[in-house]
Amino acid sequence: MNRCTKCGRLFIFEGEEQKHTCPPRWEVWESTGERASSATRVFAADAEMAAEKWAEIQDDAGDYDIVSGRLSPVVCVSQEGSEEITRFRIEGESVPQYHAREI
Ligand SMILES: [Zn+2]
């Protein structure tokens with residue numbers, strides 16, 4: 001399987017690579033920080049998905065404070081090169097999952 005070298009999208013089906021166009025790039029940063037120094041750049045179809053991707057990256061790099069409900073940060077999202085900013089409150093949840101395996 002191949003990935004897009006620019007946005008990282010995984011190609012599963014044959015020919016998908018030729019039809020692919022990378023989604024727009026967004027800058028996401030915590031509302032308490034500065035865009036210039038703390039923005040994370042992500043590819044996403046829209047601002048909301050960009051905020052969710054940011055949360056996934058942040059939580060994975062930290063102590064899963066968002067998914068555990070300990071933190072619900074406010075983030076600013078702006079398309080790269082744009083001055084328009086949309087704010088989102090990030091919330092997460094972990095869903096219990098059980099598996100039964102015959103032994
Ligand atoms: Zn791409």
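Bear in mind these aren't lab numbers, they're just calculated from the coordinates by the rules spelled out. Bear in mind that the values here come from a model prediction, so they are computed numbers and not experimental data. All Cβ positions, even for glycine, are placed from backbone atoms using ideal geometry, and neighbour counts span all protein chains on display.
Could you sort 91-101, 65-75, 8-18 so that the peptide with the highest average Cβ count within 10 Å comes first and the rest follow in order? All intermediate terms of the calculation are to be shown ahead of the outcome.
Values: 91-101: 7.1, 65-75: 15.5, 8-18: 10.5.
The densest-packed peptide leads the list: 65-75, 8-18, 91-101.
Projected onto its three principal axes, the C-alpha set of region 35-102 covers 55, 24, 18 Å, listed from the longest axis down. Spin-label pair R87-M1: with each label point 7 Å from Cα along the Cα-Cβ axis, the two points sit 3.8 nm from one another. Take the Cα of E30, step 7 Å toward its Cβ, do the same at A100, and the gap between the two points is 4.3 nm.
Computed from backbone phi with θ = phi - 60° and the Karplus coefficients 6.51, -1.76 and 1.60, the 3J(HN,Hα) list for region 47-59 is 4, 5, 5, 5, 5, 5, 5, 4, 4, 4, 5, 4, 5 Hz; x is used for glycine and proline.
Estimated from helices alone, the mean residue ellipticity of the chain at 222 nm is -6000 deg cm²/dmol (sum of -39500 (n - 2.57) over DSSP H runs with n ≥ 4, per residue).
Once the Cβ-Cβ distance of H20 and T40 is raised to the sixth power relative to R0 = 22 Å, the FRET efficiency obtained is 0.45.
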